[in-house]
Structure formats: structure tokens, C-alpha cells
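Colleague: Okay, handing you the structure first.
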Amino acid sequence: MSTLAAARADNFYFPPEWDPKKGSMNKQQGQHPLRERAKKIDQGILVIRFEMPFNVWCDGCGHLIGKGVRFNAEKQEIGKYHSTKIWSFTMTAPCCQQRIEVQTDPKNAQYNVVSGGKQKAESYSAADAEVMELMDQHDKEKLDDPLSKLEHHTDVMIKKKAQNERLVDLKDDSSAKYKNDYAMNKLLRKNLRGVKKDDKQRDQRRIALGLHDAIKLLPESPGDAQAASFVHFGDSRAFTKNWQKKRKSIAASSIFSHAAVAAARKKEAPLPGNLVLRDSEYVSEHDAFMNMEGVYIVATGHLQAVLTPVNEVQVSLEQQDLDLHTTDYRKAIRAAASSVESVQPTKHNFSDPSSLQKVCDFTLDLKAVVAANSSGSLGPPADPPQVSELDSAGSRWLGRLRNQGSRDKPMQPQDLILNGSLSSRNCGIQLQINATTSHNEVYEAKAVNYTFMVTALAFVQVLLLLRQMESTTTQATASKVSLLMLGQQAVIDAYLCLLHLTTGFVAEPLFNAFATASFFEFVNFAIFEMQYLLSIWRARRGPALDTWHTQRELAILYVRFYGALLAGIFLTYQAPRVMPMVLMLVYSFWIPQIVHCARTDARQPLRPLYVVGMSVTRLLLPLYFYGCPNNVMRQPPNLVFCCVLVGWLSSQAVVLLLQTAWGPRWFVPKRFLPAKYDYHRPVVPREVAEGVLDSSSSAPTDVETGDGGCECVICMNPAEVGQPGARMVTPCNHFFHNQCLQRWMDVKMECPTCRRPLPPP
């Protein structure tokens with residue numbers, strides 16, 4: 001060894017005090033051969049150099065640790081996959097001292113980041129990497145087929161031919177370029193000397209201009225020279241003078257806009273908005289909507305505006321308009337002429353003023369006063385009015401004035417009194433107004449309470465549906481449920497979902513409340529009711545043999561459902577007046593179930609709790625809209641319709657419950673019913689002759705014990721044979737309890753004792 005340090009590094013140096021009889025030098029010095037790497041060897045941990053196999057995001061600081069970065073990692077065995085050991089590598093991130101743990105995955109032949117970081121998701125493409133993509137197991141299995149093997153061989157030969165041609169072209173191009181190595185090297189060195197010379201000249205020019213070393217001058221181009229020729233450097237004193245002048249004008253101007261300054265000087269505030277006239281406090285199709293543009297004079301408390309009806313209000317011309325040829329007359333003549341030139345011309349008698357119509361122009365003139373109970377004294381308010389309720393001389397009119405101007409300043413809640421008139425001079429209309437303030441927060445609180453009610457009803461309906469689904473899990477019981485009944489209820493929930501979602505978009509401040517109610521309705525019909533509908537459809541159809549035919553029938557089912565949904569929306573939009581009749585039709589959803597059970601003579605599968613609960617929860621919403629005078633939709637109450645709807649749905653529910661108790665055909669006279677087997681028939685002497693019953697006791701005899709009596713093989717309890725109403729007997733003379741055999745027949749129509757087919761009960 002050349003030096004003592006080198007000898008120690010190679011473990012060839014032995015100190016004079018070392019005694020070979022005492023073992024190795026490591027044992028004599030009390031250290032492990034791996035030294036610091038084995039400081040935790042008693043815990044099964046060995047420090048090794050670990051290279052990160054992929055890119056990792058650090059959870060501590062979000063830093064990206066690149067692939068190939070090496071760490072001093074603690075290696076430890078944590079388990080086995082069959083006979084292969086699973087290793088854990090724990091290391092410290094250099095960016096934030098975050099502990100990162102990586103484990104081997106022998107099952108998938110890869111590494112997994114367990115804690116402290118996340119593996120960066122990266123996609124791999126053999127084409128991008130310019131490598132050959134190996135065949136997977138599926139492609140290898142296809143090669144067992146001779147035809148597939150021939151096709152694969154043909155494709156390989158075509159690719160080989162194309163690649164060989166490409167390789168020949170590359171080889172020829174390389175040979176042409178580097179045929180004369182000396183000439184190529186000479187040309188390269190010449191270009192390099194030219195580049196160095198240009199760089200040296202630019203550095204000298206940079207030094208002459210006094211520029212910093214970090215600023216590098218670029219080579220000149222004709223475009224740069226042309227752009228520089230267009231630059232004109234003026235006098236710097238003119239720039240300073242203009243700058244000072246601009247600063248003075250800014251300091252002298254106001255921070256408010258010119259329109260705001262002019263309005264403040266005139267003590268006026270713009271008041272755009274809209275107004276609604278109603279014949280009562282409830283919404284109707286005769287409501288008049290008007291757009292409003294006006295001003296509010298703060299000093300006097302007057303509000304003056306011009307109203308533009310959304311739908312024009314027209315009246316017949318008067319004789320004086322015809323005689324004086326007024327503006328209304330000329331407008332009416334032009335409108336009549338336009339109608340004559342249209343596709344569907346209208347006949348007009350231009351000499352008869354009653355055949356011509358003029359458009360009414362409306363103006364609003366109000367005086368706003370703060371109510372005494374609001375501020376303690378009467379006087380004009382400092383801000384324009386926001387919401388008002390109008391009372392006229394013969395009827396009650398409801399109007400809304402929404403202030404859309406001066407939004408920068410928050411409105412102070414004030415109770416106002418508005419007195420004035422709404423008039424149309426050209427039509428001779430005069431409406432006296434006495435208006436009071438209406439508070440929107442009360443209406444919004446009512447709407448929120450309504451959404452809470454709808455959400456609770458949807459939640460209760462989901463619970464009832466889940467309980468009903470639990471009682472019809474078998475194919476026999478599920479096939480007894482009517483598809484039309486469940487689909488009709490799903491359509492109702494879909495309507496409610498769309499209605500509340502649309503209301504949330506229209507009433508933007510209440511969007512969250514109505515969206516929550518719409519979400520619960522969507523979950524009810526799109527998840528639970530549609531799932532129950534599909535399970536009933538599968539139970540009726542039986543096992544699927546033809547996949548294409550099954551998909552076609554399922555598509556037809558969805559088309560019918562959503563077709564009925566769209567048809568109902570179109571009908572409701574086209575005929576809003578017949579809404580009560582539409583509700584009566586929609587709330588007939590129990591009738592399909594009644595008809596289905598009566599037609600198939602099947603025992604009622606619906607639980608009484610489901611029937612009663614669904615009837616009550618479905619009735620609450622229409623009763624709220626048509627029975628509550630202060631409903632959120634301002635719908636006029638109709639107590640007669642409420643009573644009719646309650647009676648109609650209650651009668652359906654009563655028929656369903658009686659079908660459960662008395663049978664599915666209890667309301668059909670017996671002379672119209674076909675003959676069927678009676679499970680409660682009395683015991684006849686035939687059973688005594690066959691030895692099924694003891695002639696002395698009139699009860700079945702146990703063959704094994706010889707004791708009188710009969711056991712129900714379902715519950716293993718004695719059956720009351722002598723009481724026909726308390727037991728059921730099959731055509732094969734086997735006795736059971738009523739509830740036992742009915743539950744059995746819900747699962748399968750076979751005798752529990754001998755497996756013979758059973759007739760429908």
C-alpha cells in the first residue's frame with residue numbers, strides 16, 4: 001500500500017495491538033463490519049444506497065423528487081408474498097426532512113409509495129420511447145391459431161421491409177455527409193472561428209456602450225434596423241411638462257363619474273326596475289308585467305317613471321283621434337298597414353276608428369314617505385323605495401319596484417308609504433295608488449322552510465321505498481308489483497326535481513335551498529325508484545338468454561319513461577288551466593297496482609306502511625299549494641279540489657289495504673270470478689279412506705308415532721285441522737298454517753312436503 005490511509009480504507013491495515021487469537025479486528029474493536037450502516041441491525045434495519053425508481057411528489061413541501069435520486073435508506077423486511085420477501089425502504093427527503101417509505105410489491109413486480117409522498121402519474125408509450133412493445137398474454141394466445149399466426153407473420157414481414165428501406169436511406173445519407181472527414185472538420189472549425197470573432201466584436205461594442213457584463217448583444221438583423229429607424233426621440237423637457245399637466249388635471253377632477261356628480265347636484269337618483277300588477281295577492285295568467293325607467297327626487301320624495309308593458313295594452317281609437325290625426329292615429333295606421341302586408345293579412349276599415357287599435361303609454365307618479373313606525377316621524381326617505389304593495393280604489397294590486405341603481409351604497413330597511421297614480425293619458429286610464437312596503441326577507445324565510453319540508457318528505461319517501469324493496473326481494477314477490485304504478489311515482493319525483501331546480505335558477509338568492517330539495521328528489525327517482533323499477537322488470541322477464549333482445553327491451557323501457565316525462569311537461573306548459581285535472585290523473589298511481597293484482601289474482605305485495613306513508617307524503621305538496629293561503633308560489637287556494645284529491649287518493653289506498661286483507665278480487669262478485677282451488681276447504685271422507693285422517697278424531701294421524709294431529713312442516717307446530725279458517729290444505733292433502741303457506745308461496749309455488757305444483761291462492 002502506498003499510504004496508511006489507503007491501507008485502512010481497504011481493510012488491510014492491522015494495528016500493533018491486534019491479537020489474531022481474539023478474533024477479527026471488528027470483533028476486537030466491538031463494531032460491525034458494516035459500521036455505521038449496521039447501527040440498527042438489532043432491529044432488522046440496514047442502511048443502504050437506494051435509488052428512487054420513479055418521480056415522487058413530496059407530501060411535506062410539494063417538491064418533486066426525480067427518478068434516479070439516491071438516498072441513504074433504511075432497509076427492513078416487513079413480510080412475505082408466498083416465498084418472496086417484501087422490503088421496506090425508509091428515507092428522508094432532502095427538501096423538508098419528510099420521511100418517505102417505499103415498499104416492494106412482488107405480486108405486481110413494482111414499487112409502491114406507502115407514506116410521505118405520492119408517485120407522479122405518468123403514461124408510457126412504446127412509440128414515444130422509440131422502443132419495441134412486447135406482446136401481452138392475450139396476443140400470445142392468439143398465435144396458437146394458425147390463421148392469426150399467419151397474419152402476424154405477414155405484418156412482421158411488411159414492417160421489416162419498411163424498416164430495412166429506412167435503414168438503407170439513413171446509411172446512404174450518413175455516408176454522403178461524412179465521406180470526406182477532413183473537409184467536414186475544416187468547415188466546422190471555420191464556422192466556429194467566425195462565431196468566436198463575431199462574439200468578440202459584440203463584446204467590444206458592449207464595453208464601448210458601457211453596458212453590464214450580464215447584458216449580451218444579439219446579432220443585428222435588417223428588421224431591427226428598420227424598426228429602429230421609426231423611433232423618434234423628442235425633447236425630454238416636453239415629456240416632463242406633459243406629465244405635470246396630466247397630474248394636475250387628475251388632482252383637480254372628482255373620483256366619482258360625471259353621471260353620478262350630475263345626479264348628486266340635482267338631488268336625483270336613477271330608478272330602473274319592473275312592476276307587476278295583480279288582481280289579488282295570488283299569481284294568475286292575467287298579471288300585467290311592466291318595465292320601469294324613472295328617477296327619485298330626494299328633496300321632495302317624488303318618484304316619477306315611464307312604464308313599458310311587456311305585452312302591449314291596446315284600446316280602440318276614439319273619434320277625436322281620427323278627426324285630429326293624432327300620433328296614436330298615425331301609429332295605428334302604420335300598424336294596420338303592416339298587418340295588411342304580412343303573410344296573413346287582416347282586413348281594416350280605416351274610416352272606422354273602432355277597427356283601429358292604439359298602444360297605451362303609462363306613467364307612474366308617486367310620493368314616498370317614511371312610515372311613523374319605521375323612523376318615528378313622517379318625511380321623504382333618503383333612498384328610493386325598493387318594494388311596495390299597491391292598493392287601488394276597487395281592487396288590490398301588488399307591485400314590485402326593484403332598485404337596480406346606486407348599488408354601491410347599501411339600502412337601509414325602511415317602511416314606506418307611497419301615494420300617487422298610475423295613468424295613461426292617451427288611453428284615458430287613471431289608477432289611484434296607496435302602497436305600503438313588502439319585506440322580501442319574510443318571503444325568503446318562507447321559501448327556505450318550504451325547501452326543508454320538501455327535503456324531509458323526499459327522505460321519508462326513500463326510507464319507505466327501501467322498506468318496501470326489502471319485502472319484495474324474491475322474484476315471485478317482485479313480479480307482483482306494477483311497473484306502471486312505480487313509473488308514475490318516478491315521473492312525479494322527476495317533475496318535482498325539475499321544478500325546484502328551475503325555481504332555484506330563477507330565484508338566485510334561494511338557489512342553494514331549492515338545489516338541495518332538487519338533489520334529494522333526483523336521488524329518489526334516479527337511483528332508488530329506477531333501481532326498483534329495473535328489479536321488477538327483471539323479475540317479470542326471467543333469466544336473460546339473448547343479450548341483444550334484453551338490451552332492446554331495456555331501451556324501450558327507458559324510452560317510455562322519459563317519453564312520458566317529456567309529454568307531461570309539454571301538456572302542463574300548453575294547458576296550465578287544466579292543472580287540477582292533470583294532478584288528478586297523476587295522483588291515480590295506485591290504480592295500476594289494484595288492476596294488476598285483480599287481473600293476475602296475486603296477493604297484494606305492497607306493505608300497508610308503504611301504502612299509507614306514500615299516500616300521505618304525496619298529498620302534502622298539493623295540499624300545501626292548493627290549501628294554504630300563504631303558500632310560497634302565491635297559488636290561490638282551492639279547498640274543493642283539495643277535498644276531491646284527498647278523497648280520490650284515500651279511496652285508492654283503502655282498496656289496496658282491503659286487497660291485502662280480503663284478497664285481490666274482493667270487490668268483484670263471485671259469479672263473475674272463475675273457479676279456483678279453495679285452500680280452506682273442509683276435510684271430506686276421502687281423506688279418512690286414504691288414511692290421512694283418523695275417523696274417530698277427524699284429525700290427521702302421525703304415521704311414526706300413531707298420535708292424532710298434524711304438524712305444519714314449515715314451522716313444525718301443530719295445525720288446527722278442524723278449523724278451516726285457521727289452516728290451509730293443499731290439493732295433495734298436506735296441512736299448513738295460513739301465514740306459513742302464504743309466505744312459502746311468495747317464494748315458490750310448490751308444496752313444501754312433496755314438491756308438487758300449487759295453484760294460485
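The values are calculated or read from the model by the stated rules, or taken from the named source; none is laboratory data. Everything numeric here is computed off the predicted structure, so don't read it as measured data. Cβ atoms come from the backbone with ideal geometry, glycine included; neighbour counts cover every protein chain shown. Only protein heavy atoms, including side chains, enter the accessible area calculation; ligands, DNA and RNA are left aside. Shrake-Rupley method; radii C 1.70, N 1.55, O 1.52, S 1.80 Å.
Colleague: Would it be correct to say that Arg671 is modelled with pLDDT of 80 or more, more than 55 Å from the chain's Cα centre (by Cα) and either more than 20 Å from His596 (Cβ to Cβ) or in a loop (DSSP other than H, G, I, E, B) (or both)? Walk me through it before giving the result.
Modeller: On the way: modelled with pLDDT of 80 or more: no; more than 55 Å from the chain's Cα centre (by Cα): yes; either more than 20 Å from His596 (Cβ to Cβ) or in a loop (DSSP other than H, G, I, E, B) (or both): yes.
When the stated conditions are applied, Arg671 does not pass them.
Colleague: Take the residues in the range 415-449 that are free of Cβ contacts under 8 Å to residues at least 40 places away in the same chain and part of a strand (DSSP E or B); name whichever of them is surrounded by the most Cβ atoms within 10 Å (Cβ to Cβ). Break it down into steps so the answer makes sense when it comes.
Modeller: Within the range 415-449, the subset free of Cβ contacts under 8 Å to residues at least 40 places away in the same chain is 428, 430-431, 441-442, 445, 449.
Keeping just the survivors that are part of a strand (DSSP E or B) gives 430-431.
Details: Gln430: 11, Leu431: 18.
Ranking the candidates gives Leu431 first.
Colleague: Also, quick follow-up: Residues that are open to solvent by 80 Å² or more (accessible area, probe 1.4 Å): which helices (runs of 4 or more DSSP H) entirely in the range 450-552 hold 3 or more of them?
Modeller: Working: elements: 475-478, 483-506, 511-523, 530-541.
Because the criterion is at least 3 residues that are open to solvent by 80 Å² or more (accessible area, probe 1.4 Å), the helices (runs of 4 or more DSSP H) in the range 450-552 that meet it are 483-506, 511-523, 530-541.
Colleague: Here's another thing I want to ask about it. Quick check on this structure: which one of Gln97, Gln103 is closer than 22 Å to Arg37 by Cβ, out of contact with any strand residue (DSSP E or B) (no Cβ under 6 Å at 6 or more places or on another chain) and in contact (Cβ under 8 Å) with a residue 24 or more places away in the chain?
Modeller: Details: Gln103 fails: out of contact with any strand residue (DSSP E or B) (no Cβ under 6 Å at 6 or more places or on another chain).
The match here is Gln97.
Colleague: Checking Ala494 against (1) modelled with pLDDT of 90 or more; (2) among the aliphatic types (A, V, I, L, M); (3) farther than 30 Å from Met745 by Cβ, only one condition comes out false. Which one?
Modeller: Only one criterion is unmet by Ala494, namely (1).
Colleague: State all residues of the range 694-732 that are in a loop (DSSP other than H, G, I, E, B), of a type in the set (S, T, N, Q), touching a strand residue (DSSP E or B) at 6+ places or on another chain (Cβ under 8 Å) and modelled with pLDDT of 75 or more; if no residue qualifies, say none.
Modeller: Thr730, the sole residue that qualifies.
Colleague: Further question: Any idea which of (1) within 58 Å of the chain's Cα centre (by Cα); (2) at pLDDT below 85 is the one Lys160 doesn't satisfy?
Modeller: (2)
Colleague: Next question, about the same structure. Do we find that Arg743 is open to solvent by 50 Å² or more (accessible area, probe 1.4 Å), among the charged types (D, E, K, R) and modelled with pLDDT of 75 or more in this structure?
Modeller: On the way: open to solvent by 50 Å² or more (accessible area, probe 1.4 Å): yes; among the charged types (D, E, K, R): yes; modelled with pLDDT of 75 or more: yes.
So Arg743 passes the test.
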